[in-house]
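See below for the structure under consideration.
Every read-out reported here was derived from the displayed coordinates using simple, explicitly stated rules and does not represent laboratory data. Only a predicted model underlies this, so the values are computations on that prediction, with no experimental measurement involved. Cβ atoms come from the backbone with ideal geometry, glycine included; neighbour counts cover every protein chain shown.
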Amino acid sequence: MTKLSILAFILLLSAVSNAQQLITPFERDSNQTATYEQIIRWYRQLDQQYDQAKLIEIGKTDIGKPLHLFLLAADKQFASRPGRVTLLINNGIHPGEPEGIDACMMLARNLLKANKLPQNVLVAIVPVYNVGGCLNRGVSRVNQNGPESYGFRGNARNLNLNRDFIKAEAENTRAFQSMFQWLKPQVFIDNHTSDGADYQHVLTYFATQKDKLHPLVSGYMVQSFQPALDKQLTAKGFPSAPYVNHAGDTPESGLIGYNDSPRYSTGYAALFNCFGFTLETHMWKPFPARVKASYVFDEEVMWLCDREAKTILTNRQRADEAVRQQKTFPLSYKLDRSKTDSVTFLGYAAAYKPSEVSGLKRLYYDRTKPFMKRVPYWNTFAVEAQVDKPRTYVISQGWTEIVGELKRNGVTLTPLAKDTLIKVAAYYITDFRTPQRPYEGHYPHSGVNVRTDTQTIQFYKGDFLVPTTQVANRYIVETLEPQGVDSFFAWNFFDSILDQKEYFSNYIFEDTAADLLKQNPILRKQLDEKRAIDKAFAENANAQLEFIYKQTPYYEKTHNRYPVYRIN
């Protein structure tokens, strides 16, 4: 994109906005992005001026200010309805990446001014999601080419909101989830800015990982929607490439698809058969070019949704019904390097030279040596772990946080009408790994192993049954099964079950243990066998007492017992 065409774009937008005296800070000065106050004031003005626009507050944020949603509807009906696609566009999840904020302000105004709203699409725009980060303005992105100042990645609690879509610690996220379940969008865009390698593309993006979507949605997205979108982007001067997640030192080594698990916005949306795009404009490109790229991307997705509304809605309806009936659900995925594709990439030659800082070899890109070539692309992910769903899950009412999460995400829960003994399959956590340092305020578990024990457990009036005949089945299974990569167990919601509450006193239990071994030859044999194969165990008196203790009725059944039960 040439400087001349970018200038023409800005002048065109200015001419439109001058006609109605609504000019964005970006249009006044192309090295500026709007502040929070300017953003909300802008959308209020559009709401007041046009009947086809509506600005609403959808909940709280961690900074104490409301989270807003701006709706555009040609028929002035500001809710999801049959026959119309809902396109949700999210801006400012990382406010230091503000292009989408400015682009959507102009896009909304221009659609309203021209009275050219899509007839088959409800356009839902989150003006700025991370309000706390937006208010915390500065220059924290050291290599970014404009604007002059911008918001910060962390929110008011220093959370990265694009890692919060399952644990939902932020008020922002809880508001977003409620909004998402109300809107039930079929298509989603999350506007971002990328860093990393240098290349010619202003615009890269990744779509929802195709192997995680229901085939009815995934097949259409990959075979029809994306090719049409890429064609339009190229025609508008923004040839795209997959998000530049490269396999080696440089993009020429090949690109790897993004494994967007449910903690991320597009991964969360995929749990509900909504396909999405994370747009990544390149931070080294001039800010005006990045804003224009965001404008073009969002606009082209919108018009494709309008044109393809019937197909999008039909695929979604069929996928939702299939998920109700689906029996087996993946819990984790791994990259399949045996499946290789290739994509056209517009890059710069990479080379190495001595660093002026360290004197050691450093990488650089030579912009005088652009190239266009096909590079490998690995974007197939195989199921690593999966599980058959039960007929129903059972969870105690005491886990109020989990119950709240489920309800907010559209899950139907049925409370028990009376105290009831229920035969269930109970998991016991047998192994897991936990990092030494926190990640987003948690120590997420991975490598979880379980064993299953059939037990009859007393449940009480008000405890909950969670049937698995729901559209939300993927969310239910992937959060409630402890081996899920972003399960509630992985995010430490159930860590209290890992604590043993009762113990024994060695010097007293010695006599009890001796009696138990006399009375139970099988236990004696098990102890002898373990001592024979485990030298450390054989030399540890306390470990041997604990081994015996855990085979007795004194040892609490609830230790390491996962408190979400399965009725198979």
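Highest-first packing order for the peptide set 119-128, 75-84 is 119-128, 75-84, based on the mean count of other beta carbon atoms within 10 Å.
Taking every DSSP bridge with both residues inside the chain, close to 75 percent are antiparallel.
Once the Cα-Cα distance is subtracted from the 0.36 nm per residue extended length, the residue 492 to residue 470 segment shows a gain of 5.4 nm. The amide H of residue 259, built 1.01 Å from its N in the peptide plane, has no neighbour under 5 Å, considering only residues 5 or more places off or on other chains. On the beta carbon distance between residue 514 and residue 388, with R0 = 51 Å, the FRET formula returns roughly 0.70. Within the stretch 535-551, what residues put their amide N at less than 14 Å from the label point 7 Å along the Cα-to-Cβ vector of residue 560? From the stretch 535-551, the list is 546-551. For the chain, the longest principal axis of the alpha carbon atoms and the long axis of helix 99-113 meet at an angle near 60°. Give me the angle, in degrees from 0 to 90, between the Cα long axis of helix 171-183 and the longest principal axis of the Cα atoms of the chain, rounded to the nearest 10. For 171-183 against the chain, the angle is about 80 degrees.
A straight chain from residue 311 to residue 51 at 0.36 nm per residue would run longer than the Cα-Cα distance by 90.7 nm.
Annotation: extensible slack from residue 228 through residue 414 equals 62.6 nm (criterion: 0.36 nm per residue apart, minus Cα-Cα distance).
May I ask for the angle, rounded to the nearest 10°, between helix 3-20 and the longest principal axis of the chain, with both axes built from Cα atoms and the value confined to 0 to 90°? Approximately 90 degrees, to the nearest 10. Coupling constants for the stretch 390-401 follow from the phi torsions by the Karplus curve (6.51 cos²θ - 1.76 cosθ + 1.60, θ = phi - 60°), and in residue order they are x, 5, 8, 9, 10, 9, 5, 4, x, 8, 4, 5 Hz; glycine and proline get x. Remark: the Cα gyration tensor places the chain in the prolate category, a/c being 1.5 or greater and a/b exceeding b/c.
Near the amide H of residue 240, within less than 5 Å, lie the amide hydrogens of 234, all on another chain or at least 5 residues away, with H placed in the peptide plane. Summary value for the chain: 13 percent relative contact order, contacts being C-alpha pairs under 8 angstrom separated by 6+ residues. Listed values for the stretch 365-372 are Karplus-derived 3J(HN,Hα) couplings in whole Hz (6.51 cos²θ - 1.76 cosθ + 1.60, θ = phi - 60°), namely 10, 9, 6, 7, 10, x, 9, 10, and x replaces Gly and Pro. Close amide-amide hydrogen proximity is noted between residue 332 and 384, 385, each under 5 Å apart and 5 or more residues distant or on a separate chain (H modeled in the peptide plane; Pro and chain starts excluded).
Sequence-ordered 3J(HN,Hα) estimates for the stretch 185-191 from the Karplus curve with 6.51, -1.76 and 1.60 and θ = phi - 60° stand at x, 8, 9, 9, 10, 10, 8 Hz, glycine and proline given as x.
Cross-linked pairs 353/373; 501/557; 231/292: Cα-Cα separations exceed 20 Å for 353/373.
Each of 537, 277, 297 was scored by other Cβ atoms within 10 Å of its Cβ. Arranged with the fewest first, they read 537, 277, 297.
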